[in-house]
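A.B. asks: After the structure tokens below, expect a handful of questions from me.
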Amino acid sequence: MSVAPRHRLWLLGAVLLIASGLFLVWGLRAPYGFILGLRVTKVAALLLVGASVGAATVMFQTVAHNRLLTPGIVGFDALFVLLQTTLVIMLGGVGYVSLPQIPKFLIESLTLTAAAVALFSLVLRRGADDMTRLVLTGVIFGILMRGLTGFMQRILDPSEFAVVQQATYATFGAVDPLQLSIAAPLFAIVLALSIRIGPSLDVAALGRTQSLSLGVDHDRLVLLVLTLISLLIAVATALAGPITFLGLLAASLAAASIGTYRHRILIPAAAAVGALILVFGQFVFERLLGFQSTLAVIVEFLGGLLFLFLVLKRRPT
Amino acid sequence: MIRIASLDLHRDGQPILQDVTARIPPTGLTAIIGPNGAGKSTLLHCIAGLLVPHAGKVMIGDDDIATLKPQDRAHRVALLTQSPAIVPRLSVRDLVAFGRWPHHRGRPKQQDHDQVDEALALFDLNDLEHRKLDSLSGGQRQRAFVAMAYAQSTPWMLLDEPLAALDPRYARDIMERLHNLSRPGPDSRSVVIVLHDLGMAARYADWIVSLKDGQLVHSAPREQAMTTENLSALFDTGLAVQTVGGKSIVIPV
């Protein structure tokens, strides 16, 4: 007997809840209050980042009409690393580390969102159907920014370079609770809006011309969706650092496990799967294996493998 | 009635449509024919209001299609594009239900479900309604897309080469259904269809709009437009129109 997609979503939510609970209480020792406080911050960051990246990727894949793409492909990661490197060069390693966390987080989020919206608007002036152009422009921008970052990193001294390295790997251990308190309501609003426009995204998946013919203002919808994606990814990246392939893992697993094309279910499902990957992964790493290694490295590795698998299994059209 | 007046459209400096003036009668099946690159699909997209011409206009009834809002336009014309995207995990019923989107904007009512049932029945899709699109044959899938356009309940149905890549059995099946749909009756629709298959145009069309190099050649009843001389001149090759068993056929000579 097949389970309805809505019920599968609830099931996914329950599994996520259990995983989060396990992460919080497994091996909890005195002083309970202090350790629990740290764990709550960490699990909240994991949930927020995973859910943001998962939801954003599903929407990006729909407007791009491509199940292999992630928002990272339009140069988000490269811009984030460039931003960090520039800050270290301008302020020095010590100056960078002593930056107040909240303004830094807000500036990073705003810069990333503004850059993404500017890129989208620039490219989409020729029509929102030109996703290939958008993606290629993003890739070229990414290469340019990585080149510039590489050059800038060469002029850093080793200790400052270590600061940049530390800042540009996705980590969940050093998230400020205040950052979370700003990011969480923003995420909730963006996610609610994304779910609300879900039915329009269902129609948009038929392609620009077909959805225009069905009365959807496709260009406006795409611009709105890209803005929402920019916000989600900017917040996630500014909070924890870039994880390129997490979205691909979350979107692919959500689509396979939920079995529907409806975005009202698919978006929260991808958000739940993204969060589950991070929470469960970090739980296994920290609690069961006792590693302190960066989970992001494993997520990137598995995501990269999935990407290759999806590319290779694709039938020529 | 659709009136096309002095339509001009160019792309990257190249003229695609040049001073096209034509009319399409409000009843029956109209075929847009012409050689490759003649501007047939572009003309159809202009009629649907999805391409805005650089000069001229398309009037549907008393309205200039370019001035209508997307939602109002979707109540007047239903366009089926040449290669619509196949959404994974989408069932036939879900696809046909998309046709009702302009009417409910995401909140379907009983009337919308009834219209979907009617479209499924009309195109013999009841047995396939729960099948996923990517598991269907090309002919079945195309039938589902045409049913979606029908479910949109617009007076005009515009179809861009719906027979492409279909074998003769499926192509004929689709044309029979569209032809029947365009006959006068309570649920009758005006059908405008871009066709490459001249045999199908000769067999089923009531009105012909023919284009060559972006210019109108004929906008006339089929009997006048599809003659041996006209078709041979249109396609720059020998084509003969003959009658077999009371039906017109086109053969290369």
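A.B. asks: With B:157, B:175 as the choices, which residue is buried (at least 22 other Cβ atoms within 10 Å of the Cβ), within 27 Å of residue B:72 (Cα to Cα) and within 14 Å of the chain's Cα centre (by Cα)?
C.D. replies: B:157
A.B. asks: Sticking with this structure for a sec: Which members of the stretch A:1-34 meet the condition of being over 29 Å from the mean Cα position of the chain (by Cα) and among the hydroxyl-bearing types (Ser, Thr, Tyr)?
C.D. replies: A:2, A:32
A.B. asks: Working only within the stretch A:301-315, note down all residues that are open to solvent by less than 50 Å² (accessible area, probe 1.4 Å) and modelled with pLDDT of 75 or more.
C.D. replies: A:303, A:304, A:306
A.B. asks: With the structure loaded, tell me whether residue A:68 is surrounded by fewer than 23 Cβ atoms within 10 Å (Cβ to Cβ) and within 14 Å of chain B (Cβ to nearest Cβ) or whether it fails that test.
C.D. replies: Judged against the criteria, residue A:68 is a match.
A.B. asks: Out of curiosity, is residue A:213 at pLDDT 85 or above and touching a strand residue (DSSP E or B) at 6+ places or on another chain (Cβ under 9 Å)?
C.D. replies: When the stated conditions are applied, residue A:213 passes them.
A.B. asks: Are there strands (runs of 3 or more DSSP E) fully within the stretch B:142-253 with at least 1 residues that are without any contact (Cβ under 8 Å) to a residue 24 or more places away in the chain and either out of contact with any strand residue (DSSP E or B) (no Cβ under 6 Å at 6 or more places or on another chain) or farther than 30 Å from residue B:100 by Cα (or both)? List them.
C.D. replies: B:215-221, B:239-244, B:247-252
A.B. asks: Another question, if that's okay. Do we have residue B:133 as surrounded by 19 or more Cβ atoms within 10 Å (Cβ to Cβ), within 14 Å of chain A (Cβ to nearest Cβ), farther than 23 Å from residue B:74 by Cα and over 15 Å from the mean Cα position of the chain (by Cα) here?
C.D. replies: yes
A.B. asks: While we're here: Within the stretch A:99-106, is there a residue that is in contact (Cβ under 8 Å) with a residue 12 or more places away in the chain, under 30 Å from residue A:133 (Cα atoms) and surrounded by fewer than 23 Cβ atoms within 10 Å (Cβ to Cβ)?
C.D. replies: Yes, some residue in the stretch A:99-106 is in contact (Cβ under 8 Å) with a residue 12 or more places away in the chain, under 30 Å from residue A:133 (Cα atoms) and surrounded by fewer than 23 Cβ atoms within 10 Å (Cβ to Cβ).
A.B. asks: Filter the stretch B:71-109 down to the residues that are at the interface with chain A (Cβ under 7 Å from one of its Cβ atoms) and surrounded by fewer than 19 Cβ atoms within 10 Å (Cβ to Cβ), then identify the one that is modelled with the highest pLDDT.
C.D. replies: B:71
A.B. asks: Another question, then. When the residues of the stretch A:21-36 are filtered to those that are in a helix (DSSP H, G or I) and in contact (Cβ under 8 Å) with a residue 24 or more places away in the chain, which remaining residue is surrounded by the fewest Cβ atoms within 10 Å (Cβ to Cβ)?
C.D. replies: Selected residue: A:22.
A.B. asks: Shifting gears a bit: Test of understanding: among A:83, A:79, which residue is without any contact (Cβ under 8 Å) to a residue 40 or more places away in the chain, within 22 Å of residue A:49 (Cβ to Cβ), away from chain B (no Cβ under 14 Å) and open to solvent by less than 60 Å² (accessible area, probe 1.4 Å)?
C.D. replies: A:83
A.B. asks: How many residues, within the stretch A:173-199, are of a type in the set (Val, Ile, Thr), under 14 Å from residue A:224 (Cβ atoms), more than 15 Å from the chain's Cα centre (by Cα) and in a helix (DSSP H, G or I)?
C.D. replies: 2
A.B. asks: Among (1) open to solvent by 10 Å² or more (accessible area, probe 1.4 Å); (2) within 14 Å of chain B (Cβ to nearest Cβ), where does residue A:245 come up short?
C.D. replies: Looking at each condition in turn, residue A:245 falls short on (2).
A.B. asks: In addition: Go over the candidates B:63, B:114 one by one and state the one that is more than 10 Å from chain A (Cβ to nearest Cβ), under 21 Å from the mean Cα position of the chain (by Cα) and over 17 Å from residue B:157 (Cβ atoms).
C.D. replies: Result of the check over B:63, B:114: B:63.
A.B. asks: When the residues of the stretch B:114-130 are filtered to those that are without any contact (Cβ under 8 Å) to a residue 12 or more places away in the chain and of a type outside the set (D, E, K, R), which remaining residue is most open to solvent (accessible area, probe 1.4 Å)?
C.D. replies: Looking at the filtered set, the residue picked out is B:126.
A.B. asks: Moving to a separate point now. Please enumerate the residues belonging to the stretch A:159-172 that are open to solvent by less than 90 Å² (accessible area, probe 1.4 Å), within 20 Å of residue A:245 (Cα to Cα) and touching a residue at least 40 places away in the same chain (Cβ under 8 Å).
C.D. replies: If the condition is that a residue be open to solvent by less than 90 Å² (accessible area, probe 1.4 Å), within 20 Å of residue A:245 (Cα to Cα) and touching a residue at least 40 places away in the same chain (Cβ under 8 Å), then A:167, A:168, A:170, A:171, A:172 are the ones that fit.
A.B. asks: Still on this structure, please answer the following. Within the stretch A:201-215, track down each residue that is more than 7 Å from chain B (Cβ to nearest Cβ) and open to solvent by 10 Å² or more (accessible area, probe 1.4 Å).
C.D. replies: Result: A:202, A:208.
A.B. asks: In the stretch A:182-200, which residues are within 14 Å of chain B (Cβ to nearest Cβ), surrounded by fewer than 19 Cβ atoms within 10 Å (Cβ to Cβ) and without any contact (Cβ under 8 Å) to a residue 60 or more places away in the chain?
C.D. replies: A:196
A.B. asks: Follow-up. Looking at (1) away from every other protein chain (no Cβ under 14 Å); (2) closer than 29 Å to residue A:41 by Cα, can you tell me which one residue A:151 breaks?
C.D. replies: (2)
A.B. asks: Further, regarding this structure: Considering only residues that are open to solvent by less than 100 Å² (accessible area, probe 1.4 Å) and aliphatic (A, V, I, L, M), which ones fall in the stretch A:144-158?
C.D. replies: A:145, A:148, A:152, A:156
A.B. asks: Tell me, which residue of the stretch A:45-65 that is within 14 Å of chain B (Cβ to nearest Cβ) and assigned to a helix (DSSP H, G or I) is surrounded by the fewest Cβ atoms within 10 Å (Cβ to Cβ)?
C.D. replies: Looking at residues that are within 14 Å of chain B (Cβ to nearest Cβ) and assigned to a helix (DSSP H, G or I), I get A:64.
The values are calculated or read from the model by the stated rules, or taken from the named source; none is laboratory data. Bear in mind that the values here come from a model prediction, so they are computed numbers and not experimental data. Don't worry about glycine lacking a Cβ; one is built from the backbone with ideal geometry, like all the others, and counts go over all protein chains shown. Accessible surface is based on the protein model in full, side chains and every heavy atom, while ligands, DNA and RNA are left aside. Shrake-Rupley method; radii C 1.70, N 1.55, O 1.52, S 1.80 Å.
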